[in-house]
Structures are given as C-alpha cells and as structure tokens.
1. Any idea what the relative contact order of segment 5-95 is, in percent, if you count C-alpha pairs under 8 Å spaced at least 6 apart?
2. According to a simple spin-label model (label point 7 Å from Cα along Cα-to-Cβ), what is the distance in nm between Ala185 and Ala225?
3. Return, ordered by residue number, the residues of segment 6-22 whose backbone nitrogen is under 17 Å from a label point located 7 Å along Cα→Cβ of Tyr84.
4. Over segment 176-322, what is the mean sequence separation of C-alpha contacts under 8 Å (at least six apart), divided by residue count, expressed as relative contact order in percent?
5. Arranged from highest to lowest average of other beta-carbon atoms within 10 Å per residue, in what order do the peptides 294-306, 337-349, 10-22, 418-430 appear?
6. Considering only protein heavy atoms, what per residue accessible area in square angstrom results for segment 5-95 with a 1.4 angstrom probe?
7. Which ³J(HN,Hα) values in Hz, rounded to whole numbers, follow from the phi angles of segment 355-369 under the Karplus curve 6.51 cos²θ - 1.76 cosθ + 1.60, where θ = phi - 60° and Gly and Pro get x?
8. Please list the non-local residues whose amide H lies under 5 Å from the amide H of Arg54, H modeled 1.01 Å from N, same-chain partners needing a gap of 5 or more.
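The values are calculated or read from the model by the stated rules, or taken from the named source; none is laboratory data. Because the structure is a prediction, the values reported are computed rather than measured. A quick note on method: Cβ atoms are made from the backbone with ideal geometry, for glycine too, and the neighbour counts reach across all protein chains shown. These accessible areas exclude ligands, DNA and RNA; they are computed on the full protein's heavy atoms, side chains included. Shrake-Rupley method; radii C 1.70, N 1.55, O 1.52, S 1.80 Å.
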Amino acid sequence: MITPAFELTQDPDFLTIKIRVPYAKLSEFDIYFEGEDFKFYTRPYFLRLTLPGRVVEDGREKTSYNADEGAFTIRLPKEVPGQYFEGLDMLTSLLAPKKRSRSAKPLVEEMDASAELSEENEDDFDWEIEQVPYEENPSLLQHPYGFGNLCSGVFQRLQDEFSEVIDIKDPDQTPAEERRKKRLAAEDAKFDSDHYLADFFEDKAIKRLLKYKPWWIDAHKKMTASQGESHQEHGSPAVVVFSTEEREQMRKFTNKSYVLDKRSRHHVYLVLIDILLSYCYDVRVNEGDSNVESSWNIRKLSAALCWLEVSFSSIHDVLVSFGRRVACYPLYRHFGLVTRAHSDTVMILQLGKAAVLKCLLDIHKIFRESDLAYILNDIFITDYCVWIQKLKSKKLAALCKSLQKTTLSKSQLGLELEELEAAGVLVQEEEKALKAAGAVSKQQLLCSESETSDSEESSSTSSSETEGSDSDEQESSTSRDGEINSFQGTLQEEKTAPLIDCNGSRQGTDSWAMEVDDGISKVSAQSEAPPGEVVEGLEMQIPSAVRLSEQAGGLATAGCISQEQEEKNPVPEPDRFSEDAAGERNFLEVSPKPNPLLFLCSSNED
C-alpha cells in the first residue's frame, strides 16, 4: 500500500491531520484513532501514525474532504485540553511503529497441542508495516495525459496498483509518440485472423446485436418529430430525461472552470468521440444491460483510456484506432459493429449536450462500481461531465457534422481485413465444391450399389425358386422312396413267414422269396423313372385283392405243421383254395397275380 502525503497541526483543543490522497476510491475509506494510535485507509493509500500525545473520541471529532485538492482534513480532540504536542513536523518518527514493551517471557514457548487460537487472535492483522514518507519529484512530471492533458504523475507511484486498468507502462516517462508506436505494435500482435474470420462467417449473433435499438434511437425519433412540429432545440428536456440517481450524481460534482489552449481543446473533442464510440459498442453488445465486462469493454476499446493516447490528429484517426481495437480485443470482432457504433455516436451528438451528459454519467457509474477503473473517473470522466454542461451547442453540432462526414473502410485499418475475407470466401467456395463433388460421387456409388443389390436379389430369387423346386422334388422323391422302403419291409417280413396250407403242411419259401426279390428289383428300377411311372409300377406290383372267407358257424382255423415235416414232405402250392360245403375250414384265397400278400391265420385253439 502507498503512504500518502500528510501534515499535522494543532491548537489548544484539537490535533488536525491533513492527508492528501489524489485519485483515491472515496467510497471506501476508514479512520481509526485511540490514544496515541492513528490509522487511515482508502484504496490504494494507508497511513499509520504514532502520535506524540493522546487523543480521545468524544463526539467533537470531524472529517472533511476537499475534492479540488484531493485531501482529507481530520480534527481530533485532545484528551487533555491545552496540552502541547511536540515533534509534529518529525514525519519519520511519526511513521515509526510503536515500541513494544519488553517482558521476561521467553521468545519460544511450548504450547499445548490441543489449544486453539481464539477468534480475536485469528482476526488480528499486523499493522506494523514499514512506511516511507512520500516526496514529490517535479523533474519526473514531463508527459501529461487525461482531460485536456491536465494530469501528470498520477501513475508514478500507482503503476503497480493500476496495471490492469491501463496497458501503457510508466506513462509519466513515455512520450506521446512512443505510446502510439507501442499501442500499434500491441494491436498488431493481438490481432487474431481466425477469430475475425469466425465472426465474419458465423455472424448470426452479430446480426441480432446489429438489430438492437438503444435508448437514443427512440429519443432521436422523438426529436425529429418534435423538430418537424415546433422546431425545438437539440437536447430538449422532453427528449432526454435524467433519472434521480443521475441528478444526484451531478449535484456531487465540483463546479470547475477549464482554461484550455487550442491544442488542448482539439484533444478534448477527439477523446470525447473516442470514449463515446467505446460506450456505444458496449451498450449494443450487452443490449443495454451493463455487466462486469462493461468497464473492460469501454476502457479497452478506447485508446485514450487504455493507452492515455494524446496524439490524435483528426476524427478519422480516432475512427481508425477504434476500428483496430474492435478487431483485436472484444468478444465480437466484426466491422459491422464499428460502423454501427459510428452511426450511434453521430445520433447521440445530434441529440445535444443532454444525451452526451447522460452517456458520460452512465460511464462514470460503471467505472465507480469497478474495483480499479474508478481512477479513470478522476483522470477523464468527471471533468468531462462538468465540461460538457458548459459547452456551447453550436460547437457540439459542428463536431457532429464533422463526424458524420468522416468515413472508414476496412483497408484503412492496416490489418488486411479485405484480403482475409476474400481468402476465406475462396476457401469456403472450394469446400462447397468438394462437398458437392463428394455428394455426387456418393450418390453414384449408392445407385451402383442399389443396382448390384437388385441384380443379386433377382439372382437369389431365381436360385431360391430353383432350390425350392429341387427341394420339393427331393421331398416327393424321398416320400415315395419311403413308401417303397416300407413296402419292401413288408414284403421281406412276409417272405420270411412260413406259409401253411389248410392241411397243415408248410409251403416252400424259396420260390416266394425269388418272386418278391424280383418284384423289389422291378420297383427299385422303376424308382429311377419319373414319379408317375413309379406309382404305376407300384400299383402293378401290389396284389389286387385279398379275400378272407369265413365259415357261417364259427371262426376260421388253420392247422400248423413243423418246419421239419415241411422239409421232409414238401407240399406243392395249390393254385386256388375254396371253401368246403361242411364249413369246417377257412381257406386263404390268393390272387393269381404275381407277388401276392399272404396273411397268416391261426386257430382259436392254438
């Protein structure tokens, strides 16, 4: 923290401390005194004094602030009225920390591990920091800046504190031309062609922002309508209305008179345009709702605020600086926002002093609520708020006309924006051509694949139909072969069965087997023929009829003879059996066709 310049005086009843704190954040300050201790704090200043006498807080203490001098005056009652405090001009001794009393306590003391520090000890802060008396060095104040170039030496001791507010390092020792060169080099290094082209091609959000209508558009329409009716003057109260907060802020400003030479007045006008351009950009991109980024946007896009630029030579020079910074720093880097901020600034100037003052008051509020940017109010904005109220409307109208006539193109920014856009468009067209060619080739590939699949489907369909017919034929053939096999099995069983005649004698089987085998061979030979011929062959081979005649009085019976008797006494096969008149026996009547089916019957007795 910075030790401010201070001085002490006294009278019989009071001790007076005057502390000079230029560009301090007055919304946050703290004063503490008790006995011989005195502490004062306001960002970025801190002062701690050890007084030569004791003071008391009894309600008679008083504090005042002089805005012109940037100084606090604090009157503290003496504890003993009439006491004389010695050594008030010994500033170094007053800044020395209070001596601590010696004690017999050891420097290192063992403490209980379970003991905890109290909240009071945790909150204690060591105020005994080293302080150095402030001394101004007039020889260093060489390069001015601020409103009308009236400020200098502000950042001589505050550079570390406000390094995030301004980009120029050590402005008090940097000439104007060197500031300009460093600023241009920093902008060239910061420019990102990819970011710019992304905003150029993907401009959906930017188009939405360009359609936004801030408050001055409606006010300008009202002014135009009122001028057509009653020829009212620019900045009529009916057009621009101040809020209660804005009126209260205007009452807090100190009334000043500014003596400016011609060069300084020219600089004031140009910096005003620079600040308004940055403000119009911020209002548009945030759609009228200021946020935590508003302070950064306004000061970053203004070369006068960020680089303490004092070398603007013309309105066109201001527009070029603003356009370059829009293309390098903010979130939305589009040339359309530059031209729209230009037209917005013209519209505000056409509305008159009231509209300009309303914008400056809003900027003052944004900087005042910022932790660090408040110092720009002290250097620029506060003086502009006071100065604009005394400016003649004719001069502001002339400035507006000059700004309206001034034009700006992308080629004048020195960033080769047109070349980048042309290259980007060319690349985009090539990508579209490649995509179109890829789509055509893909479509052709799909068509060829479709034709191939259709031909494969037709061939597979024909093959499946052929396979189906083959399988049907195979199944029918298999079923017929099964019938033939079952028929062969039946013949085989019947072939092995003994044949018994009515007299109990067994017929020979060899002849039957030969006949059955001949029948099977004929059937198997016929199975190789077409199905119709096979069926006809089967019908010819199967015996046509088997008749079983029964006796009227009882069941059929048959006698049995043994195999040995049959072998010894073979019985010739009768051609035909008939039923006797007595009805004692049943005969099996066999068809005269070859390969008859023989049914073997047994008697009820057996």
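1. On the way: 178 pairs, mean separation 29.3, N = 91.
Rounded, it is 32 percent for segment 5-95.
2. So the label points at Ala225 and Ala185 sit 5.5 nm apart.
3. 9-16
4. Details: 79 pairs, mean separation 44.1, N = 147.
Worked out over segment 176-322, it gives 30 percent.
5. Values: 294-306: 24.5, 337-349: 21.0, 10-22: 17.3, 418-430: 12.7.
Packing order, densest peptide first, comes out as 294-306, 337-349, 10-22, 418-430.
6. Working: 4570 Å² over 91 residues.
Result: 50 Å² of accessible area for each residue.
7. 5, 4, 5, 4, 5, 5, 5, 5, 4, 4, 5, 4, 5, 5, 7
8. Glu79
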